[in-house]
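The values are calculated or read from the model by the stated rules, or taken from the named source; none is laboratory data. None of these values were measured; they are calculated from a predicted model. Note that each Cβ is placed from the backbone with ideal geometry, even for glycine, and that neighbours are counted across all protein chains shown.
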Amino acid sequence: MKFQFFRFYALIVLAGSLLVWSFNQIYHAVQEPAKSYQVDIDFFFQGYNASNNTSNDNTQLPLFHTVDANALALPEDIQTLLKKGQVIAVTNDSGDTYYYKKNPDANSLTQFGPFKEVTKESSIAPYIIPLFYSSLACLLLLMMRPIFRDLQKLQQDAAEFGRKPQAMKRSIKESSNIYPLARSFYGMSNKILSFIQMNKDLSRTISHEIRTPLARMKFMLEIISPNIKSSQKHRMQNDISEIESLVSDYLSFAKIENETDNIHRALYSMKSFIQDIHEKFSIYEQEITISCHSDDVKVYFDKQSLSIAIQNLLTNALRFSKETINLKFKLQDNVCVLSVEDDGPGVGEKGEALMQPFSRENIKEQNHKGFGLGLYIVRKVAIWHEGEFIISQSSQLGGAKMELRWPNQP
């Protein structure tokens, strides 16, 4: 990356220097026109009119005079020009210019003058500086545009890979200044794809290789149960159930991960969707009150993944709540807000930790079984919907508040 930086820096310096030098030459060419011995005829007319219309003795037309050659103190190179018969121009301190030429008489010079210095303002000069800065701005724009164009392409590739992880075609050329960054990104995406594939293979292995020996263990336990104590049988059954629960949670997690490619957001009625989920959990209302409220609106979401997320939130709330669980949905400024609150002990400052996979901090304290994948799955569903998952303290019920937010867009 250092090479690209120094190359780009050198290119800017070189192009800027060339531009400054070019405009400097143009500016001096306009501001300081080359001296010429040709005199504009208007100069004589202006001097003639001035001499007739004013009494100022300083106003005079240029005239020819003969002066002594020794009256001028000239450098040797200028004297050499005079000896060769060439015309020279001499400007005094007052700005008057006189022209001299050597006479055939070696001791005298013919003087023609004086000529007042006449400066003509160029019509181009006022536009030189604005044109220079405009050209410099255009130069920087032309040099910076390819970089930001490639950065935009890389951003689009990253967003597309985030929505649907798959092998990416390399849209950034090797000649680009950001190619090292793009190369690192493409390499990282390939590693992520390999991890995803490894996760899929691992879930298949767990599904086939672990459940089979568990079934054999359960069968053998039933055979030997008459010969062992009931406490030993109960402990072995709990161990087997714990392993099955872990396998089930992991397979649910793997299923969600593997369904990433099939995430499809469509327009559904949220009120009807919430009612369907509420009916599934109505069997728990003999012990805990589950209240549901939803705005009667249609919003964009993936039905399957969001259903799993809400069920995980309600299951988690059932573990810790005492009497009441509130499930709410509202559409606020085109942002979908779904929350599940309970009257349990809350999460305190452990909200962020509970969203990590296999986090079991509160589970151990409350003596509940579980392996910390439920809330992690909810977080993944929020990410797939380009939203966020927030865990906080419920101000209404005093327990935990799980909030899922995502933009209402297809």
Here are some residues: ILE192, ILE240, ILE172. Which one is modelled with pLDDT of 80 or more, outside the structural domain of GLY387 (by TED's automatic domain parsing) and in a loop (DSSP other than H, G, I, E, B)?
-> ILE172
What residue, among those in region 58-97 that are in contact with a strand residue (DSSP E or B) (Cβ under 9 Å, 6 or more places away or on another chain) and acidic (Asp, Glu), is surrounded by the fewest Cβ atoms within 10 Å (Cβ to Cβ)?
-> ASP68
A careful count of residues in region 243-279 that are touching a Lys or Arg at 6+ places or on another chain (Cβ under 9 Å), at pLDDT below 70 and not hydroxyl-bearing (Ser, Thr, Tyr) gives 6
Looking at region 211-218, is at least one residue of a type in the set (Val, Ile, Thr) and at pLDDT 80 or above?
-> no
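Residue by residue, here is whether (1) touching a Ser or Thr at 6+ places or on another chain (Cβ under 8 Å); (2) at pLDDT 75 or above; (3) charged (D, E, K, R) holds:
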| position | (1), (2), (3) |
| --- | --- |
| LEU74 | no, yes, no |
| LYS83 | no, yes, yes |
| THR91 | yes, yes, no |
| THR97 | yes, yes, no |
| LYS120 | no, no, yes |
| ILE128 | no, no, no |
| CYS138 | no, yes, no |
| ASP150 | yes, yes, yes |
